[in-house]
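Each reported figure results from applying straightforward, stated rules to the coordinates on display, with no laboratory input. Just so we're clear, the structure is a prediction, and the values are computed from it rather than from any experiment. Reconstructed Cβ throughout: ideal geometry from the backbone, glycine too, with neighbour counts over all protein chains shown.
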């Protein structure tokens, strides 16, 4: 079933490449089965849609799972700044909590 979802999301992205949620969904599906593949998808997502706030936390988690702690910290720092600028205080707190855990 997950492979079907990946294919479906890839097809939807071809139809609507400017929908960040589709790219996010694809990265999340890949994160479950192939975290290394998800890294490049998250990189692409944030390069194309840097204001897509939900991606920062999930990208950081995948980076941590892949042992890339320093990059996860960078992603979280960027996410905290974005959340602050968007007035998303709850999300900012979640990002900051994970950032604090990684910095300890």
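A quick yes/no check of all residues on (1) surrounded by 21 or more Cβ atoms within 10 Å (Cβ to Cβ); (2) free of Cβ contacts under 8 Å to residues at least 24 places away in the same chain; (3) over 15 Å from the mean Cα position of the chain (by Cα):
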position: 54; (1), (2), (3): no, no, no
position: 66; (1), (2), (3): no, no, no
position: 69; (1), (2), (3): no, no, no
position: 74; (1), (2), (3): no, yes, no
position: 79; (1), (2), (3): yes, no, no
position: 86; (1), (2), (3): no, no, yes
position: 89; (1), (2), (3): no, yes, yes
position: 94; (1), (2), (3): no, no, no
position: 97; (1), (2), (3): no, yes, yes
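If you go through segment 4-33 and pick out every residue that is touching a residue at least 12 places away in the same chain (Cβ under 8 Å), surrounded by fewer than 14 Cβ atoms within 10 Å (Cβ to Cβ) and more than 14 Å from the chain's Cα centre (by Cα), you end up with 2. The condition of being within 9 Å of the chain's Cα centre (by Cα), closer than 15 Å to residue 103 by Cα, touching a residue at least 12 places away in the same chain (Cβ under 8 Å) and surrounded by 21 or more Cβ atoms within 10 Å (Cβ to Cβ) holds for residue 60. Among the residues of segment 43-52, just one is closer than 11 Å to residue 82 by Cβ and surrounded by 18 or more Cβ atoms within 10 Å (Cβ to Cβ), namely 46.
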